[in-house]
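Values in this text are rule-based calculations from the coordinates and carry no lab data. Every value quoted in this text rests on a predicted model; they were computed, and no experiment measured them. Neighbour counts run over all protein chains shown; Cβ positions are idealised from the backbone, glycine included.
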Amino acid sequence: MSIMEIQKVRYSYDNKRNVLNGISTALDEGKMYAILGQSGCGKTTLLSLLGGLDSPVDGQILYDGQDIKKLGLANHRKNNVAFIFQSYNLIDYLTPKENVALTAKLSPQPILERVGLTEEECKRNVLKLSGGQQQRVAIARALASDTKVILADEPTGNLDEDTAAEIISILKGCAHEMNKCVIIVTHSNDLAKQADTIFRVKKGKLI
């Protein structure tokens, strides 16, 4: 079932050149999507539009059949989607458990353990964790919000190959085991190959 839809969306930075030019598609729960494309092609812009961080010049972004602009972008960001950033965006003076608890609708500890952190690691300051562990905290924070859609911007970009593979496995589990719609912007072909559907943004079109 489609949880989000992109309907004839057009976006430009300067009202002259369309970065996204009338794209349309549907995104389902229980699937992981990868969005590929060259730098500056508009893939991160598309993620921002899906997350309600910006609005298209034309067209609509629908969540569960409703225009997110009419729902209210702040409401959409708070209740419908969760973000995972390449830079983690954790509060550096807090522990993993405290970071997750800030936005959690679900209990933090079981989710942190689910993504591979030990009870001891959950009590450390996040700056004392490795990059892979910090990314796990960021994923746990997204899961604890209990939203149906997870939007991830280069979630393995700062990680070594083995850790990246573990993070990809966790994200796949979010889609296939927890029935989330996981949408990932990436440069990694290895990550993209693990997705159920691969989109490429090229010359303003979604292929």
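Please say if the stretch 81-158 is rounded, prolate or oblate, where rounded means a/c under 1.5 for a ≥ b ≥ c the square roots of the C-alpha gyration tensor eigenvalues, and otherwise the choice is prolate for a/b larger than b/c and oblate otherwise? Verdict is oblate for the stretch 81-158. Put a plus charge on the Cβ of each Lys and Arg, a minus charge on the Cβ of each Asp and Glu, and nothing anywhere else: the dipole of the stretch 56-113 about its Cα centre is then about 180 debye. At a Förster radius of 41 Å, what calculated FRET efficiency corresponds to the Cβ-Cβ distance of Arg17 and Lys69, to the nearest 0.05? Here the calculated transfer efficiency is 0.95.
Taken about its Cα centre, the stretch 100-175 carries a charge dipole of about 380 debye when Lys and Arg each add +1 at the Cβ and Asp and Glu each add -1 at the Cβ. Take Glu177, project a point 7 Å from its Cα along the Cβ direction, then tell me which residues of the stretch 89-113 have their backbone nitrogen under 14 Å from it. Under 14 Å, as judged by backbone N against the label point of Glu177, lie 110-113 of the stretch 89-113. Modelled this way, with points 7 Å down the Cα-to-C-beta line, the labels at Asn189 and Ile207 are 1.5 nm from one another. Since only Leu71, Gln7, Thr44 are under comparison, the one whose Cα sits farthest along the positive direction of the charge dipole of the stretch 1-91, derived from C-beta charges on Lys, Arg, Asp and Glu, is Thr44. Protection proxy ranking of 72-78, 34-40, by the mean of other Cβ atoms within 10 Å over each peptide's residues and highest first, is 34-40, 72-78. Quick check on the chain: of the DSSP beta bridges with both residues there, what percent are antiparallel, nearest 5%? Expressed as a percentage, antiparallel bridges in the chain total about 50. Dipole magnitude for the chain: computed about the Cα centre from +1 point charges on Lys and Arg Cβ and -1 point charges on Asp and Glu Cβ, it is near 780 debye.
Only aspartates and glutamates eight or more places from Lys123 in sequence, or on another chain, were considered; those with a Cα closer than 14 Å are Asp92, Glu98, Glu113.
For the stretch 139-189, just say rounded, prolate or oblate: build the C-alpha gyration tensor, square-root its eigenvalues into a ≥ b ≥ c, call rounded for a/c under 1.5, and beyond that prolate if a/b exceeds b/c, oblate if not. The shape class here is prolate.
Summarising the overall dimensions of the chain from its C-alpha atoms, the Rg and Dmax are 16.7, 53 angstrom.
Work out the charge dipole of the stretch 90-207 with +1 on the Cβ of Lys and Arg and -1 on the Cβ of Asp and Glu about the Cα centre, then indicate which of Gly131, Ala142, Val100 is farthest towards its positive end. Positive-end residue among those listed: Ala142. Straight-line cross-link reach from Lys205 at under 27 Å between alpha-carbon atoms covers these lysines, not counting any fewer than eight positions away in the same chain: Lys8, Lys16, Lys31, Lys43, Lys69, Lys70, Lys148, Lys172, Lys180, Lys193. Using r as the Cβ-Cβ distance of Val57 and Glu120, and R0 as 41 Å, what FRET efficiency do you calculate, to the nearest 0.05? Efficiency, rounded to the nearest 0.05: 0.25.
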